[in-house]
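Scroll down for the structure; my scribbles are underneath it.
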2 protein chains.
Amino acid sequence: MRTLAANGVTVCFMNPGTSEMRFVAALDEIPEVRGVLCLFEGVCAGAADGYARMTGRSGCALFHLGPGLANGLANLHNARKARSPVIALVGEHTTSHLKFDAPLSADIAAFARTVSDSVQNVASCGELAQAMARTIADASRLPGQVAAIIIPADVSWSAVPGEIPLVAAPVRAMPEESRIGAAADLALRPGTWILMGGTALNPRALRSAAAIEQRTGARVAIARNVSKIASGRGLFQPPQVPYFPEKALEFFAGAENLILVESEIPVSFFGYPEMPGRMIPECCEAFHLARRDEDGTGALEALTERCGALEDEVRISDPASAAMRASGALTLDDIGIALAAMLPEHAIVSEEAVSSAALLLKHLRRAAPFEWMPVTGGSIGQGLPVALGAAIACPDRKVIALEGDGSGMYTAQALWTMARENLDVLTIIIANRRYAILDIEMRRAGVSEIGPRADAMIDISRPEVQWTSIARGMGVDAARAETVEDFQKQLRAALKERGPKLIEAVI
Amino acid sequence: MRTLAANGVTVCFMNPGTSEMRFVAALDEIPEVRGVLCLFEGVCAGAADGYARMTGRSGCALFHLGPGLANGLANLHNARKARSPVIALVGEHTTSHLKFDAPLSADIAAFARTVSDSVQNVASCGELAQAMARTIADASRLPGQVAAIIIPADVSWSAVPGEIPLVAAPVRAMPEESRIGAAADLALRPGTWILMGGTALNPRALRSAAAIEQRTGARVAIARNVSKIASGRGLFQPPQVPYFPEKALEFFAGAENLILVESEIPVSFFGYPEMPGRMIPECCEAFHLARRDEDGTGALEALTERCGALEDEVRISDPASAAMRASGALTLDDIGIALAAMLPEHAIVSEEAVSSAALLLKHLRRAAPFEWMPVTGGSIGQGLPVALGAAIACPDRKVIALEGDGSGMYTAQALWTMARENLDVLTIIIANRRYAILDIEMRRAGVSEIGPRADAMIDISRPEVQWTSIARGMGVDAARAETVEDFQKQLRAALKERGPKLIEAVI
């Protein structure tokens, strides 16, 4: 734990068990590390991801043996796809107990390797500090990854000799000059797109991209699978690559060159009959201005200069504002319009609204500047834990979780930790009482009519989840909105106060 | 799905996604298979386990890609340790999509191998039916295991040629005569114990064991890690091996021979400083009367005969009944005494009460005959899903889930499916507002005093989870009991009615 603290890892999201008791006891000796208790490991893993996304430093989560880690894997998968640096500390049986088939015995390394190429098995206390340092280094190795360390209980309870190792923070390298030059040539050609991803979705990089677009005519787009995006009024807000491959191919129609900035060639979420998975035209060539582990922001600034583009001359035309309706049954549009009008500046939005996401985000383009954390690995149950982690990372900023009622049920336990830590998170559950995305996906898979028994596997209205009850059950104040006026009133009230709140927005 | 139906796999617990849409659509064509929707895959996996434990047939669960399976792994681990036959159907991307790093792309087989030695990757629709048949056979291969099959979406949406393969159900073999004879010799020696496990904890096997004990003086015990145990009045109820190794070693003091019946040498749950993991004396020899895949019940009956023991002469002395207190603050004893008095005959008890378990089960020895499903793999979050699966398997029997408030929060989504399917499950949450077992485990790990920051990782009282709210939020009627009279009244009322109920028993 001292090695973690000395290297700036100062928060650990945890749900410990017997094998981790000495680690937990050490919290009282090492005040630099803050333990945050979560009631399920999926919450720990997602919170570590959200914390890493907002701080740029490693998130850290503690798991109890193989099955504890197993419960965290889905959100570790999401963290991996977000390229978030996340340290997974996993307790193991005592070394002498490994030979037995005890109830909790399992191949922890096999669990860990499903989400990580970096898995350290600590065999003795002599090597613990160095193994921890390697894990810290591996997590933050660019562009960021999940790194796991497996620590037997007897190693935890033994005195660890030696110095506390320090790990150098990695620095993103600038791409070589020749790539800047080549990109400048490409940008001037017709049919060139610039696809921004990774850490390059910050205001600086976006301003550079805007200048390049206005100067060269190259069109800028945002990748889907990124950890966070600066958005809102006054910012350059390029379109995001569409979700469905038909739309994406239409979007990239005529593209001949794709300049990649900390991104990769976009592929569709799923494969479909008679549809390519690569979502750019076949003849389109991809060129890496900056790879995922390089400095995309610096590269875009250099490219701006090389193109003779002038950031001072960038004109951002904000989308026209939309008027809030005064009353009526609540719709997604009403939610989006109200949010856009009321979102506080520098808010953090954790978005996992699935079928409702596109429309909400369209409206949010009119909001005051905010940061938006999208879905990355597509494993639902990301939104609330990531919001939790972001709130721990940024206690002075309002966090909004835009959450589907289906995905929210995966890791609703996050609400409890929001209450316990009095985090400034407003959760908005978009309650359509359905895995609505599957209505679309069912048809896309070639099913022309959804029969009643299949429909029952998509319909979550029987019974309707009462999110207000669930939230209150975990100590979070909650309200339900079924009309425009209710939603506006509740949103206004929630944004005025600090602390955890939930609005169940029934559409 | 036709192969599943033809082989008696007629229930599938599921949370499907895009890749499984054609499988879901097939529910309308193949009415023999019932889809049961769960709001989280950990519930699906545990329900398949509970279903398998009660029917002896394979439980089946459907998962969406690697991360969906990941969410089920902890309860698949528990199923594996219970030796429950469970089929894990996992949807995969279309074959043409596998080459891409799509958001949900992951090594599904690697996830599956953490809990299963049987992982079928289906490469084409021509091999689907045979691969499914192999999976069905592997799951039910004695003594039962988790078997996974990974089915790409394009295989799901293609027409599958050929006949529907049928799989022969395996039959447990009787151990050879020489082992019966050897066990009979051992049973007569002083210092011999018989350890019963696996499927041998049924009334027939228990009666045989009672006769052997009374005839030979060999002492009978029950293994901890078993799938279900027939218990209650009129049944032979041997003691269970204690949880902590000191107690277990005391329990087996003087043991020289251990006759194993579908069980293994007991090992402790965890390793502790200066404590052996094997919980029998060093000099004690183990002898397998029946291995885990053999017929332990038949072996005990043969042993009874060989020993000249007479089942008709078995005298069972039931524990003396205990009087219910009329009033007062609720204690664990009050809960156990009331349950013992009111438990309906043939009830099924899913027990995951952790630190409260031993005392409750002691009282339940006085209850009307029931079946008890204990914790197996030790990964918390088993109790409610297993109760759900048992209720689907046995719709005519009352199911009681005895659940800790810590462990219950892992897979509380099970309550929603209990409401949706109107299952006759009474959930009793033992609310001590603490991971109380860790108080003990912390001290056992050598921590003499629990500091305030460590204590905060064990204390789940801030905020107190309002289980009544959580249950109502998922459509389950609920009540809180803080006094003896409340608990008795609520228990009586709940047992009179059919359908899902929850009592939050605050101790």
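Summary of computed values
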item: Lone qualifier among A:Ser263, A:Ser208 - being in contact (Cβ under 8 Å) with a residue 40 or more places away in the chain and under 21 Å from A:Pro319 (Cα atoms); result: A:Ser208
item: Which numbered condition B:Gly377 fails, given (1) closer than 21 Å to B:Gly232 by Cα; (2) touching a His at 6+ places or on another chain (Cβ under 9 Å); (3) in contact (Cβ under 8 Å) with a residue 24 or more places away in the chain; result: (1)
item: Tabulated pairs, the range B:82-106, first free of Cβ contacts under 8 Å to residues at least 12 places away in the same chain and among the aliphatic types (A, V, I, L, M), second in a strand (DSSP E or B) and surrounded by 21 or more Cβ atoms within 10 Å (Cβ to Cβ), C-beta under 7 angstrom, 6+ apart or interchain; result: B:Ala102/A:Val267
item: The range A:465-494, residues that are under 29 Å from B:Arg34 (Cβ atoms) and touching a Lys or Arg at 6+ places or on another chain (Cβ under 6 Å); result: A:Ser469
item: Members of the range A:156-171 found to be within 33 Å of the chain's Cα centre (by Cα) and either surrounded by 20 or more Cβ atoms within 10 Å (Cβ to Cβ) or among the acidic types (Asp, Glu) (or both), listed by number; result: A:Ser156, A:Val167
item: Long-range neighbours under 6 Å by Cβ, at least six apart or interchain, first residue free of Cβ contacts under 8 Å to residues at least 24 places away in the same chain within the range A:153-180, second surrounded by 14 or more Cβ atoms within 10 Å (Cβ to Cβ) and among the aromatic types (Phe, Trp, Tyr); result: none
item: Lone unmet requirement of (1) surrounded by fewer than 24 Cβ atoms within 10 Å (Cβ to Cβ); (2) touching a Lys or Arg at 6+ places or on another chain (Cβ under 8 Å) for A:Asp107; result: (2)
item: Any chance A:Ser268 is within 14 Å of chain B (Cβ to nearest Cβ), without any contact (Cβ under 8 Å) to a residue 40 or more places away in the chain and farther than 30 Å from A:Val171 by Cβ; result: yes
item: Residue within the range B:160-169 that is hydrophobic (A, V, I, L, M, F, W, C) and touching a Pro at 6+ places or on another chain (Cβ under 7 Å) present; result: no
item: Top-ranked residue in the range A:59-76 [being at the interface with chain B (Cβ under 7 Å from one of its Cβ atoms) and among the hydrophobic types (A, V, I, L, M, F, W, C); ranked as farthest from B:Gly66 (Cα to Cα)]; result: A:Ala70
item: Residue ID - surrounded by the most Cβ atoms within 10 Å (Cβ to Cβ), chosen from residues in the range A:77-90 that are basic (Lys, Arg) and more than 8 Å from chain B (Cβ to nearest Cβ); result: A:Arg83
item: Filter result for A:Leu360 (touching a residue at least 24 places away in the same chain (Cβ under 8 Å) and either surrounded by 23 or more Cβ atoms within 10 Å (Cβ to Cβ) or among the β-branched types (Val, Ile, Thr) (or both)); result: no
item: Extreme residue, surrounded by the most Cβ atoms within 10 Å (Cβ to Cβ), among residues of the range A:8-25 that are hydrophobic (A, V, I, L, M, F, W, C) and more than 8 Å from chain B (Cβ to nearest Cβ); result: A:Phe13
item: Failed condition for A:Asp439, given (1) at pLDDT below 95; (2) under 21 Å from B:Arg472 (Cα atoms); result: (2)
item: Scan of the range B:480-505 for residues that are surrounded by fewer than 22 Cβ atoms within 10 Å (Cβ to Cβ), touching a residue at least 24 places away in the same chain (Cβ under 8 Å) and more than 14 Å from chain A (Cβ to nearest Cβ), ordered by number; result: B:Glu482, B:Thr483, B:Val484, B:Glu485, B:Asp486, B:Arg492, B:Leu495, B:Arg498
item: Matching residues in the range B:155-198 - criterion: being within 14 Å of another protein chain (Cβ to nearest Cβ) and modelled with pLDDT under 95; result: B:Val155, B:Ser156, B:Trp157, B:Ser158, B:Ala159
item: Residues being small (Gly, Ala, Ser), farther than 30 Å from A:Met275 by Cα and within 8 Å of another protein chain (Cβ to nearest Cβ) - total across the range A:426-470; result: 1
item: Any hit, the range B:51-61, residues being buried (at least 21 other Cβ atoms within 10 Å of the Cβ), assigned to a loop (DSSP other than H, G, I, E, B), at pLDDT 95 or above and polar (S, T, N, Q); result: yes
item: Those helices (runs of 4 or more DSSP H) lying entirely in the range A:164-260 with at least 1 residues closer than 30 Å to A:His346 by Cα and charged (D, E, K, R); result: A:203-216
item: Members of the range A:91-128 that are facing chain B (nearest Cβ under 7 Å) and over 21 Å from B:Arg80 (Cβ atoms); result: A:Thr94, A:Ser96
item: Scan of the range B:444-483 for residues that are part of a helix (DSSP H, G or I) and in contact with a Leu (Cβ under 6 Å, 6 or more places away or on another chain), ordered by number; result: B:Arg453, B:Ala454, B:Ala471
item: Filter result for B:Thr192 (in contact (Cβ under 8 Å) with a residue 12 or more places away in the chain and under 15 Å from B:Cys307 (Cβ atoms)); result: yes
item: Odd one out for B:Ile335 among (1) assigned to a strand (DSSP E or B); (2) closer than 22 Å to B:Ile229 by Cα; result: (1)
item: Selection count where residues are out of contact with any Ser or Thr (no Cβ under 6 Å at 6 or more places or on another chain), surrounded by fewer than 24 Cβ atoms within 10 Å (Cβ to Cβ) and more than 14 Å from chain A (Cβ to nearest Cβ), scope the range B:393-425; result: 6
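The values are calculated or read from the model by the stated rules, or taken from the named source; none is laboratory data. Treat the numbers as computed from the prediction; the structure is a model and nothing was measured. Neighbour counts are summed over all protein chains in view; Cβ atoms, including those assigned to glycine, are modelled from backbone coordinates with ideal geometry.
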